[in-house]
1. Quote the accessible area belonging to MET28 in square angstrom, nearest 10, computed with a 1.4 Å probe and with ligands, DNA and RNA left uncounted.
2. Take the Cβ-Cβ distance between VAL48 and ASP105 as r, set R0 to 35 Å, and report the resulting FRET efficiency rounded to the nearest 0.05.
Amino acid sequence: MRSDTVRVHSYVDGHVLRHVSEREARLMCAEDSFGNSLEDSEPIARRVSRKKQRLTDVQLLTPARAGRNSACTLTLSDTQNNAFGQHFKALGPTDSIRAIARAMDKIAMWPYVHDDRNVIVSAGVVHGVTVMEAIP
């Protein structure tokens, strides 16, 4: 019996993370239905099964997600708490004063303190880029 799903294996340990459709797996591998590479997209996974065989397994080229978020990454809850703190002065019984104050401070300092794991463009300045000079 033919399975309609493709197994997506982890980059780190090779375990199966999830099952996706064959179309989505081909897009992840940046290939068309014949197995030829697509020019416009960059692959995020590599094909484990042979090109002439049916696509059954792909493996991610990078880890699926970071182990832990950076403390300076802005999250959805940070933006919601900041908006709440900016517009409302009275707090309800379920609102955390500490979380709202932390979110407001984090967003106020964002132009000066950035995520140290990624390239950030903030206030027209690029942070976290390593520039290499051309070797003659």
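The values are calculated or read from the model by the stated rules, or taken from the named source; none is laboratory data. These figures come from a predicted structure and were not determined experimentally. Glycine gets a Cβ as well: all are built from the backbone with ideal geometry, and neighbour counts include every protein chain shown. Note: accessible area is taken over every heavy atom of the protein model, side chains too, but ligands, DNA and RNA are not part of it. Shrake-Rupley method; radii C 1.70, N 1.55, O 1.52, S 1.80 Å.
1. Rounded to the nearest 10, that gives 10 Å².
2. Using R0 = 35 Å, I get an efficiency of 0.15.
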